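One structure below.
Rule-based calculations on the coordinates, nothing more; no lab input. Predicted model, so just to flag it, every value in this text is computed and none were measured. Don't worry about glycine lacking a Cβ; one is built from the backbone with ideal geometry, like all the others, and counts go over all protein chains shown.
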Amino acid sequence: MKKLLIISLISAFILSCHSNKEDNTNTFNLEKANKELVFIEQQYLNMIESVPDSLLPRSVDNDGKPYYVNPSDWTSGFYSGILWYLFENSKNEKFKTEALKYTNLLESQKYNNHTHDLGFMLYSSYGNGYRIAKDSMYKRILLRGAKTLSSRFNDSIGAIKSWDWNPAWQFPVIVDNMMNLEYLFWAAKTTGDSVYYKQAVSHANVTLKNHFREDNSSYHVVNYDTVTAKVIEKITVQGYSNESAWSRGQAWSLYGYTVMYRETKNQKYVEQAKKITTYVFDHPNMPSNLIPYWDFNAPNIPTALRDASAAAITASALLELSQYVDEETNKNYLSKVDIILATLASSKYTAELGKNNNFVLKHSTGHLPGGREIDVPLVYADYYYIEALMRYKNLKK
């Protein structure tokens, strides 16, 4: 009874803090990061009670009810990845128990050669689990999955194929695919097999050559000819138009090229990450609170929907990129992170305790042109927000 009373008092305190937060503040600090993580831990302890044993939370449906997916969904690894992060931060064994349970659901995906998303699916889950728990079984599963991901690499094109679902496309590569390269680098270091390293570098170089416009914004999809390896078309699926800048796509590319510099120390990758950062933050349509519209060229700005997931990914990437630049640029990047995190932590974007189906962030946009996940919570928005808070905390320490 005493333990329950203490938990209730803590929950009430957190709830009162979150219901009184300012909607727009440019200040953020280590104390706020710690408080936000405590709140998130409580929110996810609530979520744990409602997640089915064999499915994983992704978002909410059109009726506002939780939307769960099976292990083959591209977002399947984020929930257990969140639980691993929260265990790492809090040392609460409940998070570890649940992380083990939902990570193990994904083992079959190590053979899934119909998707490029194994970085999201396996490295976010088993990768964090192996880093924290050092389970040798996790290592074996990760290596099998990396081999499967590697099998989607085309030697003549020099890239990893993204999607299989549209027979009209010969070899589509989406900018999101940059997020899988960290997994290949891990496999290269773990096995000593340079093939993984070479594939990651080749994919990043091909993407650098063909995905970016002169202003350093990125196309979403580049479709290649499998015979000639030449570009057939450059299009978008989740953005507003073929020539628009889909905000989450820009975030994926920023994160991906930051990782590329970390793993190779090749200066061209950090320069590309800096160019993307400049494009994003100097864009005339970037709002002052730095939560981007779902597309930088959306037709109904300033009433267009925002994408909190793009902001969270960008914040996490910038925290790492800030360590690879000069002092003045470092301060500039960290000041932008402060604004993003302060805004995401405000009541405008962070749900009240027990609300929002126990997701943390509100106002993400998954696939507006497809009519799916519009102005809703998304599990990967929470994942990268938590990752950003953890990185912020470690950096400030």
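The table that follows gives values for the structure above.
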{"quantity": "Protection proxy ranking of 292-298, 244-250, 104-110 - average other beta-carbon atoms within 10 Å, highest first", "calculated": "244-250, 292-298, 104-110"}
{"quantity": "Relative contact order, percent, the chain [alpha-carbon distance under 8 Å, six or more residues apart]", "calculated": "19"}
{"quantity": "Selected from Ile232, Ile313, Ile141 as most flexible by GNM, with the chain as the system and alpha-carbon contacts under 10 Å", "calculated": "Ile232"}
{"quantity": "Computed over region 42-142, the ratio Rg/Rh where both radii use C-alpha atoms and Rh is Kirkwood", "calculated": "0.96"}
{"quantity": "21 Å Cα-Cα threshold exceeded, pairs from Lys234/Lys268; Lys110/Lys209; Lys96/Lys134; Lys275/Lys397; Lys35/Lys348", "calculated": "Lys234/Lys268; Lys110/Lys209; Lys275/Lys397"}
{"quantity": "Region 70-151: relative contact order in percent, alpha carbon pairs under 8 Å with at least 6 residues between", "calculated": "35"}
{"quantity": "Within a Gaussian network of the chain (alpha carbon springs, distance under 10 Å), most fluctuating of Gly81, Gly192, Gly145", "calculated": "Gly192"}
{"quantity": "Residues listed by number, region 354-384, amide nitrogen under 12 Å from Val237 label point at 7 Å toward C-beta", "calculated": "367, 370"}
{"quantity": "Residue among Ala345, Ala251, Ala304 with the largest mean-square fluctuation in a Gaussian network model of the chain, springs linking Cα atoms under 10 Å", "calculated": "Ala304"}
{"quantity": "Kirkwood estimate for the chain, i.e. one over the average of 1/r between Cα atoms, Å", "calculated": "21.3"}
{"quantity": "Extreme residue, positive dipole direction of the chain, given options Tyr324, Asn289, Asn300 (C-beta unit charges)", "calculated": "Tyr324"}
{"quantity": "Nearest-20 debye value, region 234-282 charge dipole, Cβ charges on Lys, Arg, Asp, Glu", "calculated": "160"}
{"quantity": "Enclosed volume per residue, in Å³, of the convex hull spanned by Cα atoms of region 205-343", "calculated": "107"}
{"quantity": "For the chain, size of Cβ-based charge dipole, Lys and Arg +1, Asp and Glu -1, in debye", "calculated": "1040"}
{"quantity": "FRET efficiency, Asn29 to Lys91 (Cβ-Cβ, R0 22 Å, nearest 0.05)", "calculated": "0.45"}
